[in-house]
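Student: Sharing a structure, written as structure tokens. Questions coming.
The values are calculated or read from the model by the stated rules, or taken from the named source; none is laboratory data. If you're wondering where the values come from, they're calculated on a predicted model, not measured in any experiment. Here the Cβ positions follow ideal geometry from the backbone for every residue, glycine too, while neighbour counts run over all protein chains shown. These area figures cover heavy atoms from the full protein model, side chains too; ligands, DNA and RNA do not enter into them. Shrake-Rupley method; radii C 1.70, N 1.55, O 1.52, S 1.80 Å.
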Amino acid sequence: MRNITIVGAGQAGLQLGIGLLDKGYSVTAISNRTGEEIANGKVLSSQSMYDMALSHERELGIAFWDEKCPPIEGIHVRAGDAQAGAQLDFRSRMSANGQSVDQRVKMPRWMDEFQRRGGNLVIGEVDMAELERLAATSDLVLVATGKGDLGKLFERDAARCTFDRPQRAIALTYVHGMVPRDDFTALNININPGVGELVHFPALTHSGPCDIINIESVPGGPMDRWDAVKTPADHLALTKALIAEFFPWEAPRFANIRLTDDNGILFGRVTPTVRKSIGVLPSGRTVLGMGDILVLNDPMTGQGSNNAAKGASLYLEAIVARGNGAFDRPWMEALAEGYWDYAQWSARFTNSMLVPPPPHVMEFLGTCCQNSGLAHQFADAFNDPKSLSTWFYDPDAMGRLLAETAAVA
Ligand SMILES: Cc1cc2nc3c(=O)[nH]c(=O)nc-3n(C[C@H](O)[C@H](O)[C@H](O)COP(=O)(O)OP(=O)(O)OC[C@H]3O[C@@H](n4cnc5c(N)ncnc54)[C@H](O)[C@@H]3O)c2cc1C
């Protein structure tokens, strides 16, 4: 039986680990936190996930929250400012619903499931010396430690990185008490150009259905006031104040919000980073990265967990297809390039939302306000950002699409 070690027990690591157990591999997963610590700790993400990614969980029988988690049925995009209000406004259902299950709920449950299916879950912080030991005793070591320090083993791939510093100050707030929408549940995206974004959607947490608010503030801009926040109550108060000041069209829905719990807040900054896929240990042995280690996005478009799930599925297929062949460097490189072939489009989509849009994208977004077909195509891009690859970034291709749509309408 082939023996595989996965360092890091998050979306990427646990999903792959459970998939490998089902295929008859001997799997060890190592987490620096117990399930209880994760459950009782701070929120980790807003983890909105869409159909393609969720389908991988469903295939493995680990989509335990399909009945309980409120769906995300569509998107609603608005852009404007306090004086003029929302000048751009369109909405569309998605072809299939998304959902967001608090990772504090999901990961402890998956850890239990991993063990129930025969996996060896080890609790401990893996360092370089331990990684050497694991590489010497495993057929394959995968590193899925997200934003953890071990990521430094993987060299930054400068040619594939768009930014070298954070593009937003990011503040998450989990709340109860939102006024529901009166059409469909949605990924609500509000843009105040040059100032930042307010993104929010329904989710499931310890205390049941909730809403997650992500405020993305342009560094040094008028919403970047988070350093003064000292307590959960301050965090909630600033969230409400920024919504009232910069996204007033949304404010009535937030009038009576309260925190789901004092750990239902998070603040940080992410430098979008692409890393090379293989870590070389001092001994010369190699380990393969996955998930956030390889492609770390700003959470603006909610792609990281989706990438982690899609990547885990791709890795599972490739490991099984390898049979008894060596997990050598060429195999690792080919697999990681296969992942990049998809994940680059999530990075490009996200990065394009962090800078002022070029004129052809502005024209497209404006046209979505009158054209439900285009709005639907854009809504489905959150599920599959690669679907934008042939036209969204190319003014000529976009021009042709808009002309064809105008001719049909
Ligand atoms: C504010 C915010 C909002 C987000 N919102 C969304 C969203 O709406 N949709 C979406 O798709 N994505 C979102 N993401 C991104 C998403 O959370 C990540 O992309 C996803 O969790 C990555 O999965 P992963 O398995 O690679 O890493 P992680 O989920 O980070 O898991 C890594 C695990 O490894 C453990 N670990 C770390 N170091 C070690 C070590 N040395 N030894 C042992 N264990 C270790 C960690 O404790 C952790 O449990 C968001 C991220 C942030 C920060």
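Student: Using a probe of 1.4 angstrom, how much of the accessible area of region 28-90 is carbon and sulfur, in percent?
Tutor: In region 28-90, the share of accessible area belonging to carbon and sulfur is 44 percent.
Student: Computed FRET efficiency, Cβ-Cβ of K42 and T231, R0 22 Å: what is it to the nearest 0.05?
Tutor: 0.95
Student: Name the shape class, rounded, prolate or oblate, that the alpha-carbon gyration tensor gives for the chain, where a ≥ b ≥ c are the square roots of its eigenvalues, rounded holds for a/c under 1.5, and otherwise prolate holds if a/b is larger than b/c and oblate otherwise.
Tutor: prolate
Student: I've got another one for you. With every protein chain present, what is the per residue accessible area of the chain (1.4 Å probe, Å²)?
Tutor: Normalised by residue count, the accessible surface of the chain is 40 Å².
Student: Moving on to the next point. Can you compute the charge dipole magnitude of the chain about its Cα centre, using +1 on each Lys and Arg Cβ and -1 on each Asp and Glu Cβ, nothing else charged? Give it in debye, rounded to the nearest 20. Write out the running numbers ahead of the final one.
Tutor: Details: 37 positive and 48 negative charges, 94 e Å.
Roughly 440 debye for the chain.
Student: Follow-up. How much net charge surrounds K276 when only other residues with a Cβ under 14 Å from its Cβ are counted (Lys, Arg +1; Asp, Glu -1)?
Tutor: +1
Student: Starting from the Cα-Cα distance between C161 and R329, subtract it from 0.36 nm times their residue separation and give me the gain in nm to one decimal.
Tutor: 58.2 nm
Student: Now a separate question. Go through region 149-166 residue by residue and turn each phi into a ³J(HN,Hα) via Karplus (6.51, -1.76, 1.60, θ = phi - 60°); whole Hz please, and just put x for glycine and proline.
Tutor: So the Karplus estimates, Gly and Pro as x, are 4, 4, x, 5, 5, 9, 5, 4, 9, 4, 5, 9, 8, 8, 10, 10, 8, x Hz.
Student: Using alpha-carbon positions, what is the distance between the centroids of region 321-355 and region 1-69, in Å?
Tutor: What the calculation gives is 19 Å, centre to centre.
Student: While we're looking at this one, here's another question. Assign one of three labels to region 2-157, namely rounded, prolate or oblate, based on the Cα gyration tensor with a ≥ b ≥ c the square roots of its eigenvalues; rounded applies when a/c is under 1.5, prolate when it is not and a/b is larger than b/c, and oblate otherwise.
Tutor: Note, shape of region 2-157 comes out prolate.
Student: Along the charge dipole of the chain, pointing to its positive end and built from +1/-1 on Cβ of Lys, Arg, Asp and Glu, which listed residue (P357, H206, T185) has its Cα farthest out?
Tutor: The residue sitting farthest along the positive end of the dipole is H206.
Student: Could you list which residues have their amide H under 5 Å from that of M94, counting only those 5 or more apart in sequence or on another chain, with H placed in the peptide plane?
Tutor: Here the answer is G74, I75, since their amide H atoms fall under 5 Å of that of M94.
Student: Just to check I understand the Karplus step: with θ = phi - 60° and J = 6.51 cos²θ - 1.76 cosθ + 1.60, what whole-Hz values come out for region 385-391, glycine and proline as x?
Tutor: x, 5, 5, 8, 4, 8, 9
Student: State, to one decimal in nm, how far the label point of K23 lies from the label point of V361, with both points 7 Å from Cα in the Cβ direction.
Tutor: 3.6
Student: Also, I was wondering about something else. In degrees between 0 and 90, to the nearest 10, how far off the longest principal axis of the chain does helix 232-246 point, with axes built from Cα atoms?
Tutor: 40
Student: With the contact rule set at Cα under 8 Å and sequence spacing of 6 or more, what percent relative contact order holds for the chain? Before the final figure, lay out the partial values.
Tutor: On the way: 784 pairs, mean separation 89.5, N = 409.
After rounding, I find 22 percent.
Student: Distance between Cα centroids, region 77-110 to region 360-393: provide it in whole Å.
Tutor: Spelled out, the Cα-based centre of one part sits 16 Å from the other.
Student: Okay, next question. Counting only protein heavy atoms and a 1.4 Å probe, tell me what percentage of region 359-408's accessible area is made up of carbon and sulfur.
Tutor: Using a 1.4 Å probe with all protein chains present, region 359-408 comes out at 57 percent carbon and sulfur.
Student: If Lys and Arg each add +1 and Asp and Glu each add -1, what is the summed charge of the other residues whose beta carbon sits under 15 Å from the beta carbon of D164?
Tutor: +3
Student: For a protection proxy built on the mean count of beta-carbon atoms within 10 angstrom, sort 14-23, 198-207 highest first, please.
Tutor: With the highest mean Cβ count within 10 Å placed first, the list reads 14-23, 198-207.
Student: How much net charge surrounds H176 when only other residues with a Cβ under 9 Å from its Cβ are counted (Lys, Arg +1; Asp, Glu -1)? Write out the running numbers ahead of the final one.
Tutor: On the way: positive: R258; negative: D211.
So the environment of H176 carries a net charge of 0.
Student: Does region 359-408 come out rounded, prolate or oblate, given a ≥ b ≥ c as the square roots of the eigenvalues of its C-alpha gyration tensor, rounded meaning a/c under 1.5 and, failing that, prolate meaning a/b above b/c?
Tutor: The shape class here is oblate.
Student: Just the number, please: carbon plus sulfur as a percent of the accessible area of region 150-302, 1.4 Å probe, no ligands or DNA/RNA counted.
Tutor: Whole-percent figure for carbon plus sulfur exposure: 55.
Student: Using alpha carbons only, how many angstrom separate the centre of region 184-229 from the centre of region 256-280?
Tutor: Here the two parts' Cα centres lie 13 Å apart.
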